[in-house]
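To start, the structure under review is shown below, and the notes come after it.
The values are calculated or read from the model by the stated rules, or taken from the named source; none is laboratory data. Quick caveat: nothing in here was measured; it's all calculated off a predicted structure. Cβ coordinates were reconstructed from backbone atoms using ideal geometry, including for glycine residues, and neighbour counts include every protein chain displayed.
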Amino acid sequence: MNQKKTLYLKAEAILKFFLDADDEIDTLIKCKSTEVNLLTYDFDLYQALGSLKPQDAYQQAKLIKLLEAVDVLSYRKNFNTEKPVLTDERVDELRKTALIKVQK
């Protein structure tokens, strides 16, 4: 019996998905592979959502699809600590990473 591969999605990858900046991530989430388990922490989802700007072409349907395809784990329960606050510096860092492909 083959064991499924597990892939962890960081905030950068989630933001790329929301911004249509990475076809591979888009396909992984939208097609919900039967060979890969997708995981993330609520903290990464929080960071990605908090990094969206009003000018972004964000579609709520993408969040719904992500929640359907990705198992969201509790940061607090797994690390026994509170989630760090999302700073402007972190938002800038995430956006810079996520928008590299879009700007090319």
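A few remarks follow.
- Counted residues, region 29-60 - those being more than 24 Å from GLN3 (Cβ to Cβ), modelled with pLDDT under 95 and of a type in the set (A, V, I, L, M, F, W, C): 1
- Where a residue in region 51-71 is under 25 Å from GLU89 (Cα atoms) and its partner, wherever it lies, is of a type in the set (Lys, Arg) and in a loop (DSSP other than H, G, I, E, B), with Cβ under 7 Å and at least six apart: none
- Qualifying residue in region 32-44 (condition: within 16 Å of LEU9 (Cβ to Cβ), among the charged types (D, E, K, R) and touching a Ser or Thr at 6+ places or on another chain (Cβ under 8 Å)): yes
- Helices (runs of 4 or more DSSP H) enclosed by region 33-104 - at least 3 residues per element that are touching an Asp or Glu at 6+ places or on another chain (Cβ under 8 Å): 88-98
- Within region 1-32, the set of residues being of a type in the set (Ser, Thr, Tyr) and not in a helix (DSSP H, G or I) comprises THR6, TYR8.
- Selection of region 12-56 for residues being among the small types (Gly, Ala, Ser) and buried (at least 16 other Cβ atoms within 10 Å of the Cβ) yields ALA13, ALA21, ALA48, SER51.
- The set of residues in region 72-90 that are of a type in the set (D, E, K, R) and surrounded by 11 or more Cβ atoms within 10 Å (Cβ to Cβ) comprises ARG76, LYS83, ARG90.
- Output for region 91-103, where each listed residue is without any contact (Cβ under 8 Å) to a residue 60 or more places away in the chain and surrounded by 13 or more Cβ atoms within 10 Å (Cβ to Cβ): VAL91, GLU93
- Members of region 77-90 found to be farther than 12 Å from ASP44 by Cα and either in contact (Cβ under 8 Å) with a residue 12 or more places away in the chain or among the aromatic types (Phe, Trp, Tyr) (or both), listed by number: ASN78, PHE79
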